[in-house]
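Participant: Supplied in structure tokens, the structure appears directly below.
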Amino acid sequence: MPKITAIIHTSNDELRLGRALDSLRACDEVIVVDHGSKDNTEKIARDHGAEFKTGIPGVDHGTYAVDARHDWILCLRANESIGEPLEAALFEWKAKDYEEMSGFNIRVREETDEGWKPSEAETRLVNRRRMNWTGDLPPTTSVFETVGGELLRFNHP
């Protein structure tokens, strides 16, 4: 049964982070990597049981996957959370063996001034032993299967 580590990069995200962390029940470990917050981001991360790390200037965000205890990494932004259908899909996903897979895509639903709009699926669940990345999130690869459910991206606190 694969285990999942969620990684969230933050910078002054106290208004958003709690909602993201509350939604990560399907994850076995949560790491918050902070990049210079001056607000209560650290307190919120620690209060939710996340492992808190201070980001090192110049180190690519993808590099922090080496700090995870588990091979499967779920990458989120601080303004995103896992919807209930995605949570259920992740629990089902964990009941299978994906040793030979590199990653999976997840659909995103984005909050806009006109309401919620579906966005393209993005590669967000990756096997760190099979895929490296340098930016905030892994590069989206259309060949990966899509996990059911959606990430919810909030654009208002």
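Participant: For segment 94-131, how many residues are touching a Phe, Trp or Tyr at 6+ places or on another chain (Cβ under 9 Å), more than 18 Å from Thr5 (Cβ to Cβ) and charged (D, E, K, R)?
Facilitator: Looking only at that region, the number is 3.
Participant: Sticking with this one: Quick check: anything in segment 85-102 under 20 Å from His9 (Cα atoms) and touching a residue at least 40 places away in the same chain (Cβ under 8 Å)?
Facilitator: No.
Participant: Which of the residues belonging to segment 1-21 are farther than 27 Å from Arg129 by Cα, out of contact with any Phe, Trp or Tyr (no Cβ under 8 Å at 6 or more places or on another chain) and not in a loop (DSSP other than H, G, I, E, B)?
Facilitator: The answer is Glu14, Leu15, Leu17, Gly18.
Participant: Looking at Arg16, Arg46, which one is open to solvent by 20 Å² or more (accessible area, probe 1.4 Å) and touching a residue at least 60 places away in the same chain (Cβ under 8 Å)?
Facilitator: When all the criteria are applied, what remains is Arg16.
Participant: Given the conditions (1) crowded, with 16+ Cβ neighbours inside 10 Å; (2) at pLDDT 95 or above; (3) under 22 Å from Gly149 (Cα atoms), which single one is not true for Asp34?
Facilitator: Among (1) crowded, with 16+ Cβ neighbours inside 10 Å; (2) at pLDDT 95 or above; (3) under 22 Å from Gly149 (Cα atoms), the lone unmet condition for Asp34 is (3).
Table: residues versus (1) in a loop (DSSP other than H, G, I, E, B); (2) open to solvent by less than 80 Å² (accessible area, probe 1.4 Å); (3) of a type outside the set (Lys, Arg); (4) closer than 13 Å to Ile7 by Cα.
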{"site": "Thr63", "(1), (2), (3), (4)": "no, yes, yes, yes"}
{"site": "Arg69", "(1), (2), (3), (4)": "yes, no, no, yes"}
{"site": "Ile73", "(1), (2), (3), (4)": "no, yes, yes, yes"}
{"site": "Glu92", "(1), (2), (3), (4)": "no, no, yes, no"}
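The values are calculated or read from the model by the stated rules, or taken from the named source; none is laboratory data. Not measured: the values here are computed from a predicted model. Note that we place each Cβ from the backbone using ideal geometry, even for glycine, and neighbour counts take in every protein chain shown. Surface areas here come from the heavy atoms of the whole protein model, side chains and all, with no ligands, DNA or RNA. Shrake-Rupley method; radii C 1.70, N 1.55, O 1.52, S 1.80 Å.
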